[in-house]
């Protein structure tokens with residue numbers, strides 16, 4: 001640290017005369033404790049404590065209105081033999097992998113498009129973000145209407161074009177329901193990926209591209225050897241966030257299908273709500289939620305190493 | 001870090017408005033840039049167009065797709081919206097959402113300013129560790145917390161009260177706002193604080209009179225983004241609020257409008273539209289703050 005330490009207690013010959021209270025008042029650790037108090041209180045009471053409580057509850061048979069007794073791994077053993085639980089794990093992984101991969105592809109493509117010069121650039125960029133602004137549930141309701149079995153506008157258009165003979169049952173058939181919720185999730189997630197990657201793209205100096213063009217690089221080579229390496233760290237962070245939020249998604253599914261048809265779109269989060277709150281088996285719900293934690297830890301580890309790499313690339317060690 | 005990146009990007013872009021684009025002919029740009037961009041924009045905006053159109057369409061046009069072209073509306077009506085505002089508890093739900101969002105956001109910003117200042121400028125023992133812990137808190141999703149939180153809320157006697165959301169939402173907002181504000185506070189010169197300390201200002205006075213006024217853009221970003229997150233939050237509101245008048249807009253839309261009526265779509269879309277409008281208007285006024293909040297939180 002090259003900066004002056006601003007609150008060192010002033011040491012003078014009159015130090016004894018300074019009362020212990022005023023010495024305490026200028027002690028940075030003491031002052032910082034008070035400054036950290038509100039944020040710390042919120043995060044400990046409503047984040048850290050429930051996190052621990054959730055893990056504890058997964059080992060109990062708690063129900064709504066009754067605190068449970070410790071039953072060891074019984075909830076997990078029960079889930080291990082539960083086909084619906086494994087179906088929800090499969091759905092969650094499928095949902096996360098497919099949606100994140102497509103979100104990344106379209107988001108990166110859109111970011112590259114938006115990074116080029118065109119009229120009304122700022123306006124177009126601000127429009128792109130709108131799906132991200134509108135509350136997920138409300139846009140999911142719009143998708144619900146678009147996916148309606150009788151009056152779907154997609155079915156109507158395709159019928160008019162002569163491509164299908166009868167309406168598609170978007171949310172009624174297991175596989176098309178999975179595809180439909182994934183499409184809605186991609187639609188919602190692309191703007192976030194595109195705008196954050198665009199912010200990364202804007203930090204890449206245009207002179208690099210000019211130099212590469214003079215040396216005869218094709219546009220693919222410019223992307224592969226300039227854009228991609230410089231963008232890797234931010235891609236790592238953005239995709240970790242994207243994966244994290246997709247994996248733990250709840251509201252889109254709940255608004256569109258509530259896990260149906262026949263549990264085909266149940267994610268771990270929706271199953272946890274179904275079992276924990278609606279059926280009232282808090283312990284079992286908590287066990288499903290706790291089972292998500294290992295996956296999240298992997299995502300966080302990736303994010304962490306991605307950021308370390310970014311700091312290393314930029315030559316900083318204390319950002 | 002965020003600011004330096006954003007600020008350095010802006011003038012550079014302004015310098016090279018032409019860039020290398022003169023190398024491309026117009027037809028080529030049309031195919032590689034405008035056409036794909038147009039298609040993506042249409043897909044991104046279509047659900048909103050559809051939402052607005054449905055909200056102002058008379059019922060008979062909604063279900064008769066052969067007589068009327070479904071992509072347009074012939075005699076627009078405000079029936080759905082007025083029914084929503086005067087015959088349901090929608091204004092009450094809007095008010096609940098607003099109350100919860102403002103309350104939680106204000107609490108979070110106050111806590112975040114204090115925490116960010118302490119971490120960046122007081123440099124207390126363990127400040128870096130606390131910073132990392134707060135970042136991890138950002139990564140804890142509500143989906144794994146709502147069951148234990150429901151029993152915590154029950155134990156505090158706050159079940160079915162909007163106050164429970166005001167107390168719980170800061171856990172989503174504080175980590176994000178703190179990281180964003182840490183980035184802003186780092187850009188404020190130490191010299192200002194040193195001068196103030198020499199003049200006898202206390203830490204509190206420095207924070208309120210020097211640091212906060214200089215970080216106003218960051219505060220606006222944090223405020224808008226937090227407000228949007230609150231408005232968007234669903235799973236806690238769904239779990240904690242039971243009685244109809246206490247619900248927030250997203251929860252009420254999902255639970256109260258689904259009555260199996262074939263004509264429900266008009267009022268459902270009107271509800272979604274009216275519920276989205278406050279955020280879209282807010283966004284229209286603060287686009288730049290919004291983008292810097294979103295990218296800042298990721299880049300820090």
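The values are calculated or read from the model by the stated rules, or taken from the named source; none is laboratory data. This one's a predicted model, so the numbers in the text were calculated from it and none came from an experiment. Cβ atoms come from the backbone with ideal geometry, glycine included; neighbour counts cover every protein chain shown.
Remarks
- Complete set of residues in region A:240-257 that are under 8 Å from the mean Cα position of the chain (by Cα) and either part of a helix (DSSP H, G or I) or more than 9 Å from chain B (Cβ to nearest Cβ) (or both): A:240, A:241, A:242, A:243, A:244, A:245, A:246, A:247
- Per-region count, region B:180-190, residues surrounded by fewer than 13 Cβ atoms within 10 Å (Cβ to Cβ) and modelled with pLDDT of 90 or more: 0
- Looking at B:234, B:185, B:227, just one residue is within 20 Å of residue B:162 (Cβ to Cβ), under 24 Å from the mean Cα position of the chain (by Cα) and touching a residue at least 40 places away in the same chain (Cβ under 8 Å), and that residue is B:227.
- Residue list for region A:137-157, filter: more than 17 Å from residue A:192 (Cβ to Cβ), part of a helix (DSSP H, G or I) and more than 7 Å from chain B (Cβ to nearest Cβ): A:144, A:154, A:155, A:157
- So residue A:292, is it at the interface with another protein chain (Cβ under 7 Å from one of its Cβ atoms), farther than 13 Å from residue A:57 by Cα, buried (at least 18 other Cβ atoms within 10 Å of the Cβ) and at pLDDT 90 or above: yes
- Test: residue in region A:202-210 that is surrounded by fewer than 19 Cβ atoms within 10 Å (Cβ to Cβ), at pLDDT 85 or above, within 26 Å of the chain's Cα centre (by Cα) and more than 7 Å from chain B (Cβ to nearest Cβ): yes
- The selection criterion, being in contact (Cβ under 8 Å) with a residue 12 or more places away in the chain and within 8 Å of chain A (Cβ to nearest Cβ), holds for residue B:203.
- Of everything in region B:124-162 that is more than 7 Å from chain A (Cβ to nearest Cβ) and part of a loop (DSSP other than H, G, I, E, B), the residue that is surrounded by the fewest Cβ atoms within 10 Å (Cβ to Cβ) is B:157.
- Applying a threshold of 8 Å to beta carbon distances and a minimum spacing of six or more residues, or different chains, the list of pairs starting in region B:246-262 at a residue that is part of a helix (DSSP H, G or I) and ending at one that is at pLDDT below 85 and crowded, with 20+ Cβ neighbours inside 10 Å is empty.
- Failed criterion for residue B:90 (all others in (1) touching a helix residue (DSSP H, G or I) at 6+ places or on another chain (Cβ under 6 Å); (2) more than 28 Å from residue B:46 (Cα to Cα); (3) at pLDDT 85 or above hold): (2)
- Subset tally (residues that are within 11 Å of another protein chain (Cβ to nearest Cβ) and closer than 21 Å to residue A:139 by Cα) for region B:64-87: 2
- Selection count where residues are out of contact with any strand residue (DSSP E or B) (no Cβ under 7 Å at 6 or more places or on another chain) and not in a helix (DSSP H, G or I), scope region A:260-292: 10
- Residue match in region A:211-234 (condition: more than 13 Å from chain B (Cβ to nearest Cβ), within 19 Å of the chain's Cα centre (by Cα) and touching a residue at least 12 places away in the same chain (Cβ under 8 Å)): yes
- On inspection, residue B:62 passes the criterion of being touching a residue at least 40 places away in the same chain (Cβ under 8 Å) and buried (at least 18 other Cβ atoms within 10 Å of the Cβ).
- Only one of B:284, B:252, B:293, B:270 that is in the same structural domain as residue B:144 (by TED's automatic domain parsing), over 30 Å from residue A:281 (Cβ atoms), crowded, with 23+ Cβ neighbours inside 10 Å and at pLDDT 85 or above: B:270
- Qualifying residue in region B:191-199 (condition: more than 8 Å from chain A (Cβ to nearest Cβ), within 30 Å of residue A:55 (Cβ to Cβ) and part of a helix (DSSP H, G or I)): no
- For region B:111-119, the criterion of a residue being surrounded by fewer than 18 Cβ atoms within 10 Å (Cβ to Cβ), assigned by TED's automatic domain parsing to the domain that holds residue B:205 and either outside any helix (DSSP H, G or I) or out of contact with any strand residue (DSSP E or B) (no Cβ under 6 Å at 6 or more places or on another chain) (or both) is satisfied by no position.
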